[in-house]
1. Quick one: count up the residues across region 45-61 that are exposed (fewer than 14 other Cβ atoms within 10 Å of the Cβ) and at pLDDT 85 or above.
2. E94 fails exactly one of the following numbered conditions: (1) surrounded by 14 or more Cβ atoms within 10 Å (Cβ to Cβ); (2) touching a helix residue (DSSP H, G or I) at 6+ places or on another chain (Cβ under 6 Å); (3) not aliphatic (A, V, I, L, M). What is the number of that condition?
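The values are calculated or read from the model by the stated rules, or taken from the named source; none is laboratory data. Just so you know, these numbers come straight off a predicted model, no measurement behind them. Note that we place each Cβ from the backbone using ideal geometry, even for glycine, and neighbour counts take in every protein chain shown.
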Amino acid sequence: EKEEEKEEKEEVNETQRGEKKEEQKEEQKGKEEEEDMEWEVPNTVTVDEMSKKSGLEFSVKKVFLQLREQKVAKAVGQGAPIYLAAVLEYLCAEVLELSGNAAHHDKTKIITPRHILLAIRNDDELQRLLSNVAVQKENQQRIEQRQQQQQQEDDDE
């Protein structure tokens, strides 16, 4: 009888161990699913709604998708894509404004890569930020053609 009791206890223990392993597997699956869910924006506001509410020209949704695709972190908070989109929009506006000023100084309405390069070089903060960025040079012929077209348009007015 004692051996039968021992065998029954061992069977119960093995059954319990098997159940524990299954529970651990299910917990692991649950954790993986939770990690996957962390990549999504909380249910309160969709990414499209955030984009509209932010009032930005840059797409918050595209920034969010890039953050998620690049896997910069395990989770992307609601404010992160909005903030990053705002920073990118500000930097582009700053470069465009300074490039436009350089083009205006050259008495042209067309911003060329040269104007962008001048804008970056003449601004200390942009120079530091974009020190490792290459600006593609434009073909001189294309620049001259554009300037001639612009001159003709100005003459017609």
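1. 2
2. Single failed check for E94: (2).
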